[in-house]
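This report refers to the structure that appears directly beneath it.
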């Protein structure tokens, strides 16, 4: 199972907002530049995040986007769910009525466990934790060694 670019890029944008939480709104153009994402595509991704009240926008000279709550309060799963929908690898997990075998299918149990494992992992990580990991990588990535 692969996450689409909606989930991957949207999460990167949210991490960028988490990195700058408390500094005021950030222009979408800046997020796009820092995360190497098309600004046009980012405009589409930000809409469901606004609808879900995860981000808010401010107009004007000092406008842009920012998180509505501290990054410690936003689980990665919440972001992925908004952008991707269900993480079920097969349709019968969320809607057993679409398959007449769902009550007897042994592989359905496996797919349910797989989905639950993904949900558990994504629910165990906050945007703040990802932002801290990003800061750490930026610090170690910016080091130059001269011999």
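The values are calculated or read from the model by the stated rules, or taken from the named source; none is laboratory data. Just so you know, these numbers come straight off a predicted model, no measurement behind them. Backbone-built Cβ (ideal geometry, glycine too); neighbour counts: all protein chains shown.
Going by the structure shown, is residue 87 farther than 24 Å from residue 135 by Cα, buried (at least 17 other Cβ atoms within 10 Å of the Cβ) and in contact (Cβ under 8 Å) with a residue 40 or more places away in the chain?
Considered against the rule, which asks whether it is farther than 24 Å from residue 135 by Cα, buried (at least 17 other Cβ atoms within 10 Å of the Cβ) and in contact (Cβ under 8 Å) with a residue 40 or more places away in the chain, residue 87 comes out as yes.
Within the range 35-43, not a single residue is at pLDDT 95 or above, under 13 Å from the mean Cα position of the chain (by Cα) and assigned to a loop (DSSP other than H, G, I, E, B).
A quick yes/no check of all residues on (1) part of a helix (DSSP H, G or I); (2) within 15 Å of the chain's Cα centre (by Cα); (3) at pLDDT 90 or above:
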| position | (1), (2), (3) |
| --- | --- |
| 113 | yes, no, yes |
| 118 | yes, yes, yes |
| 121 | yes, yes, yes |
| 134 | yes, yes, yes |
| 140 | yes, no, no |
| 144 | no, no, no |
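Residue-level analysis places residue 47 outside the set of residues that are modelled with pLDDT of 95 or more and surrounded by 14 or more Cβ atoms within 10 Å (Cβ to Cβ).
Among the conditions (1) over 23 Å from residue 122 (Cα atoms); (2) at pLDDT 95 or above, the only one that residue 58 does not satisfy is (2). Looking at this structure, is residue 72 touching a strand residue (DSSP E or B) at 6+ places or on another chain (Cβ under 6 Å) and more than 14 Å from residue 13 (Cβ to Cβ)? Taking the combined requirement at face value, the residue satisfies it.
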